[in-house]
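Take a look at the structure set out below.
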């Protein structure tokens with residue numbers, strides 16, 4: 001599926017930047033005695049290959065992307081952020097409540113984001129929370 | 001002669017159910033299942049503890065595919081090689097059919113692995129002992145090469161995914177000097193990124209975010225009409241496929257056995273090479289069933305063959321057999337060549353346990369897990385996705401009881417979402433992460449011990465054979481890639 005030539009070159013630029021970051025970070029790694037390469041060798045080789053691949057993508061950008069990629073709109077981005085907030089919520093509340101309750105809350109948030117029927121979401125979240133609590137807190141004593 | 005006592009048989013059944021539970025839940029692994037069982041094994045007789053461990057590991061490896069079928073979350077790095085195909089198959093033709101192929105393919109692979117374990121353990125262990133860092137380096141290169149050519153139409157994108165995985169593997173202490181790399185001042189990163197958390201994020205959480213972004217309409221339709229004929233879908237149809245593709249099953253199982261007995265990541269490389277060979281040699285564009293069959297038979301054949309160096313040399317083939325060696329020590333049994341002369345009843349009991357686990361337990365427990373997966377797939381997508389999200393965060397947290405793993409999992413979910421939208425394959429990232437440390441460690445060890453002589457990598461006969469296999473994979477892969485491109489151009 002054809003796509004904008006500038007947009008399709010963005011991944012190449014991202015990978016070039018990642019390669020540059022890796023190379024810059026690996027410059028300070030120590031060498032082996034007698035000047036042989038040490039822990040920096042592998043990251044440097046990877047950075048070089050990634051830079052080459054990035055240039056390849058910029059030079060000949062692939063026109064094949066996920067067909068549904070074109071359909072991502074503001075609503076979709078909001079829902080993705082909602083899904084991420086479910087994971088963040090788990091991190092925030094897990095220290096204070098049981099793992100099952102925290103997972104149930106994640107399920108509830110994601111269900112609301114997905115606009116499922118609220119009654120069904122509540123039942124599913126409670127069931128998932130209880131199952132996770134029984135398995136992880138009860139059986140495995142996490 | 002009794003192969004397995006009735007107590008051992010009960011232990012096999014209990015172990016299979018326990019292994020199925022651990023394999024099917026993301027974040028819980030066969031290794032964790034065996035690790036939690038070890039304190040119990042301490043109080044049990046070897047004739048009960050060892051069959052239970054065999055059943056746990058055999059069934060947990062298969063049950064790892066349940067996550068792939070429902071939510072595209074592979075249970076092991078090896079199953080990442082065919083996770084996409086299994087998920088698509090379970091969606092299009094039903095979970096019973098997809099997991100039927102997985103269970104029965106695993107069963108056949110496991111039986112072949114057991115037969116080789118029974119017949120040639122000592123000979124194969126001697127071969128494994130001939131492998132030095134040079135051969136391990138080349139076998140890691142072979143796995144990576146196969147991974148690139150398994151990536152479909154865009155080799156460059158597959159290569160980039162692999163490089164990202166290799167880069168992720170450099171986080172933490174380096175294997176040569178013990179120097180900390182890319183830890184960003186956080187001591188929690190010194191041990192490296194946990195690949196299970198990365199896998200859950202890459203496959204499971206990214207699936208949640210992907211469908212959230214596209215809305216519920218993007219939900220792939222689960223197969224409905226096939227539900228009525230459970231036994232046919234789980235047993236008859238996959239068996240027919242296995243009979244039709246018997247050469248593929250035998251070839252993949254042998255590959256799993258012969259690469260799987262190498263200590264380290266043998267099993268993962270075996271499954272990847274088997275899937276890659278099938279993708280390269282495929283005449284048709286759609287060969288999902290055959291790719292899954294190749295992967296699962298290789299995967300489970302390697303479960304048995306990982307016991308070869310453990311039993312005959314006392315060297316662990318993987319983490320599970322490392323714990324098995326601990327059980328041997330607890331019970332006063334010394335593994336090694338003498339084990340085959342002095343403890344033959346124990347050896348026969350192990351073979352019997354492997355055969356029962358593969359012939360009887362995998363197909364029966366497999367049907368049970370497949371029915372549960374089928375029920376899960378029947379849930380409306382707007383409810384299934386939140387449950388998958390909850391399972392992902394819990395699974396990532398449960399690995400080390402560490403909130404950082406949940407953060408890594410979420411970050412990987414976002415990275416995977418972007419990669420997926422750009423058409424980059426995800427499984428290659430996992431392959432790079434798993435093989436990266438092996439590749440780097442064996443390259444550095446080989447280079448240092450040969451005083452950085454490049455020729456030393458080509459001097460040993462087995463290393464040369466493996467290098468030849470890498471070259472052959474590249475040539476065959478390029479030819480297949482050209483054929484694929486020509487075919488799709490003609491199709492267009």
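Taking 7 Å steps out from each Cα toward its Cβ at residue B:243 and residue A:130 produces label points 4.5 nm apart.
Rounded, prolate or oblate: which fits the stretch B:358-492, taking a ≥ b ≥ c as square roots of the Cα gyration tensor eigenvalues, rounded meaning a/c under 1.5, else prolate when a/b beats b/c? Cα axes put the stretch B:358-492 in the prolate bin. A simple spin-label model places the labels of residue A:122 and residue A:45 5.9 nm from each other, with each point 7 Å out along Cα-to-Cβ. By how many degrees, between 0 and 90 and to the nearest 10, does the Cα long axis of helix A:74-93 differ from the longest principal axis of chain A? The angle comes out at about 70 degrees.
Taking each DSSP H run with n ≥ 4 as -39500 (n - 2.57) and averaging over every residue of the protein assembly as shown yields -23500 deg cm²/dmol at 222 nm. Please work out whether the stretch B:6-491 counts as rounded, prolate or oblate from its C-alpha gyration tensor, where a ≥ b ≥ c are the square roots of the eigenvalues and a/c under 1.5 means rounded, while otherwise a/b larger than b/c means prolate and anything else oblate? Since a/c stays below 1.5, the shape of the stretch B:6-491 is classed as rounded. As a proxy for reagent exposure, B:87, B:442, B:183, A:73 were ordered by neighbouring Cβ count within 10 angstrom, fewest first; the result is A:73, B:183, B:442, B:87. Placing a label point 7 Å from the Cα of residue B:348 along the Cα-to-Cβ direction, the residues of the stretch B:5-27 with a backbone N closer than 17 Å are B:5-9.
Structure remark: mean-square fluctuation, Gaussian network model of chain A, C-alpha springs under 10 Å; the largest value among A:31, A:85, A:98 belongs to A:31. Relative to the longest principal axis of the Cα atoms of chain A, the long axis of helix A:99-113 makes an angle of roughly 80 degrees. Using a ≥ b ≥ c from the Cα gyration tensor of chain A (square roots of the eigenvalues), is it rounded, prolate or oblate, where a/c under 1.5 gives rounded and otherwise the larger of a/b and b/c decides, a/b for prolate? Taking the square roots of the gyration eigenvalues as a ≥ b ≥ c, chain A is oblate.
Helix A:118-132 and the longest principal axis of the Cα set of chain A meet at an angle near 80°.
Each Cα pair under 8 Å and six or more residues apart adds its separation to the average, and for chain B the resulting relative contact order is 29 percent.
Once the Cα-Cα distance is subtracted from the 0.36 nm per residue extended length, the residue A:92 to residue A:73 segment shows a gain of 4.0 nm. Would you please give the FRET efficiency between residue B:236 and residue B:40, computed as 1/(1 + (r/R0)^6) with r the Cβ-Cβ distance and R0 = 30 Å, to the nearest 0.05? Between residue B:236 and residue B:40 the formula returns 0.20.
The share of Cα pairs per 10 Å bin across the protein assembly as shown, counted from zero up to the longest distance, runs 3, 16, 27, 28, 18, 6, 1, 0 percent. Length available on full extension from residue A:7 to residue A:141: 0.36 nm per residue minus the Cα-Cα distance, which gives 43.3 nm.
Read-outs: derived from the displayed coordinates by stated rules, not from any lab. The model shown is predicted, which means the values in this text are computed figures rather than measured ones. Cβ atoms come from the backbone with ideal geometry, glycine included; neighbour counts cover every protein chain shown.
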